[in-house]
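The values are calculated or read from the model by the stated rules, or taken from the named source; none is laboratory data. Model, not experiment: these values are computed from the prediction. Note: ideal-geometry Cβ built from the backbone for every residue, glycine included; neighbour counts use all protein chains shown. Ligands, DNA and RNA are excluded from the accessible area calculation, which covers all protein heavy atoms including side chains. Shrake-Rupley method; radii C 1.70, N 1.55, O 1.52, S 1.80 Å.
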There are 2 protein chains.
Amino acid sequence: MNYLEKRILEDGIVEPGNVLKVDSFLNHQIDPIVMEEVVSEFIDYFGDRRITKIITIEASGIAPAIMLAAKLKVPMLFAKKTEPSTLKNDDRYETFVHSYTKDVTSKVIVSKKYIDKEDSVLIIDDFLANGQAVMGLVDIVQQAKAEVAGVGICIEKSFQPGHQQIKDAGIDLYSICRIESLKNGKVTFVEKE
Amino acid sequence: MNYLEKRILEDGIVEPGNVLKVDSFLNHQIDPIVMEEVVSEFIDYFGDRRITKIITIEASGIAPAIMLAAKLKVPMLFAKKTEPSTLKNDDRYETFVHSYTKDVTSKVIVSKKYIDKEDSVLIIDDFLANGQAVMGLVDIVQQAKAEVAGVGICIEKSFQPGHQQIKDAGIDLYSICRIESLKNGKVTFVEKE
């Protein structure tokens, strides 16, 4: 069992509707020890790839993404959910991301200046469930004709469709924690092969 | 001249309306070298204070805040601009923050679980202009009856009212770069004493 799995069992709270609250250490309050362990897991898996840039989506993906970027010594880029007044239309890649939790669809944008076809981009996010955020980032990387180096996720709800969708797209996905079920208020992890 | 000042002169773009775009290294694409220099400046200034927690506001404050939190080995907390469906009303501190750039007022929330009266909280943000975001965070820390250890800012537009407002509230403010003017497309820093 890895460090993040232990913390989920200790401090995660399961709520009705398959909600796993980890806001004491991952996505509201953030424990830097968790971040360091997460970065170390990502380095173990992706460390030998060609990675020129890390991309994530605001807001809770930013912490693991910048900590990993600092370790790999590459820039980090975060996609923005609103339209900054200083970014003009033809200067950016756009995609749409639906959040099932909040039931809103957001336009997500990245300045064209910061990804080009020479880039090999690692996508990082805190959670994977329906795969909307990750597939939106994949779309942006592909619009830029850059390569997707892989997708690194802190916590995956493996019983939701995101995992399969990313695999079906032929993308290398590594999730540090894979949750098989949250039934009866209990966290069960996918058994490791 | 410190590292961040040099990068502003090299890579910052001044646009009409006193806009300084630093999205190539600070608040869209983020250069981890800039973050490490920023953290080192904050440690030099605040390193000997009692700091039990770092607070920022989503999204671009998260990168410097988590990097500093990792160095100080304290948790980082980011205030959220929307209402997450999993956070109930009586569990949170709320305040309102107006963005002059986007001309919107957002409700900003922090779970009550993560600040208490024993905390000494350092407020971190990427930009200070009108002071709305910082004063919102001060309000939240004070609602929790915790102590404000100080305010650390990457770039301050010293010709706007935020600086004076924070000083008038008796709060110790340290801004790594203080911009006196953006007139005629030229960045001028406040002269150091």
query = Where Lys and Arg each count +1 and Asp and Glu each count -1, what net charge lies around A:His163 among other residues with Cβ under 14 Å from its Cβ?
reply = -2
query = Just A:Gln143, A:Gln29, A:Gln132 to compare: in a GNM of chain A, with alpha carbon springs under 10 Å, which one fluctuates most?
reply = A:Gln29
remark   = Straight-line reach check, A:Lys81, cutoff 13 Å on alpha carbons, 8 or more apart in-chain or any other chain, hits among aspartates and glutamates -> A:Glu58, A:Glu94, B:Glu58
query = For the protein assembly as shown, what is the calculated [θ] at 222 nm in deg cm²/dmol (nearest 500), taking -39500 (n - 2.57) for each run of four or more DSSP H residues and dividing by its residue count?
reply = -8500 deg cm²/dmol
message = For a 24 Å ceiling on Cα separation, which of these pairs sit above it: A:Lys21/B:Lys113; B:Lys53/B:Lys112; A:Lys73/B:Lys53; B:Lys6/B:Lys73; A:Lys71/B:Lys73; A:Lys80/B:Lys186?
response = A:Lys73/B:Lys53; B:Lys6/B:Lys73; A:Lys80/B:Lys186
query = Using θ = phi - 60° and the Karplus curve 6.51 cos²θ - 1.76 cosθ + 1.60, what whole-Hz ³J(HN,Hα) does each residue of the stretch B:40-50 get, with Gly and Pro shown as x?
reply = 5, 5, 5, 5, 4, 7, 9, x, 9, 7, 7
query = Taking the Cα-to-Cβ direction at B:Phe96 and at B:Lys117 and moving 7 Å from each Cα, how far apart do the two end points lie in nm?
reply = 2.9
request  = May I ask you to derive the FRET efficiency for A:Glu193 and A:Tyr3 from their Cβ-Cβ distance with R0 = 22 Å, giving the value to the nearest 0.05?
outcome  = 0.65
query = Taking chain B as a Gaussian network, where each spring joins two C-alpha atoms under 10 Å apart, which residue of B:Asn130, B:Asn89, B:Asn27 fluctuates the most?
reply = B:Asn89
request  = Springs between alpha-carbon atoms under 10 Å, Gaussian network over chain B: tell me which of B:Ala63, B:Ala129, B:Ala169 tops the mean-square fluctuations.
outcome  = B:Ala169
remark   = The local net charge around A:Asn130, scoring Lys/Arg +1 and Asp/Glu -1 for residues other than A:Asn130 whose Cβ lies under 13 Å from its Cβ, equals -1
key: Distant alpha-carbon pairs in the protein assembly as shown (separation over 29 angstrom), percent   = 40
query = Given the protein assembly as shown, what percent of its DSSP beta bridges are antiparallel, to the nearest 5?
reply = 45
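Quick check: with the 1.4 Å probe, what order do A:Met35, A:Met135 take by accessible area, largest first?
My answer, sorted largest first, is A:Met135, A:Met35.
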remark   = Per DSSP loop assignment and a cutoff of at most 16 other beta carbons within 10 Å, chain A keeps its longest run without exposed trypsin sites (Lys or Arg not before Pro) at A:1-48
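Among the DSSP beta bridges whose two residues both lie in the stretch B:1-150, what percent are antiparallel, rounded to the nearest 5?
55
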request  = For every other residue with a beta carbon closer than 11 angstrom to the beta carbon of B:Ile33, add +1 if it is Lys or Arg and -1 if Asp or Glu, then tell me the sum.
outcome  = -1
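Restricting attention to the stretch B:9-111, which GluC sites (Glu not before Pro) occupy a DSSP loop and are surrounded by at most 16 other Cβ atoms within 10 Å?
Taking the stretch B:9-111 and a limit of 16 other Cβ atoms within 10 Å, no loop GluC sites (Glu not before Pro) are found.
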query = Whose amide H sits under 5 Å from the amide H of A:Ile57, counting only residues 5 or more places off or on another chain, with H placed in the peptide plane?
reply = A:Ala79
request  = At most 14 other Cβ atoms within 10 Å and a DSSP loop assignment: could you name the chymotrypsin sites (Phe, Trp or Tyr not before Pro) in the stretch A:40-145 that fit?
outcome  = A:Tyr100
key: A:Tyr45 paired with B:Ser181, simple spin-label distance in nm, labels 7 Å along Cα-to-beta-carbon   = 5.3
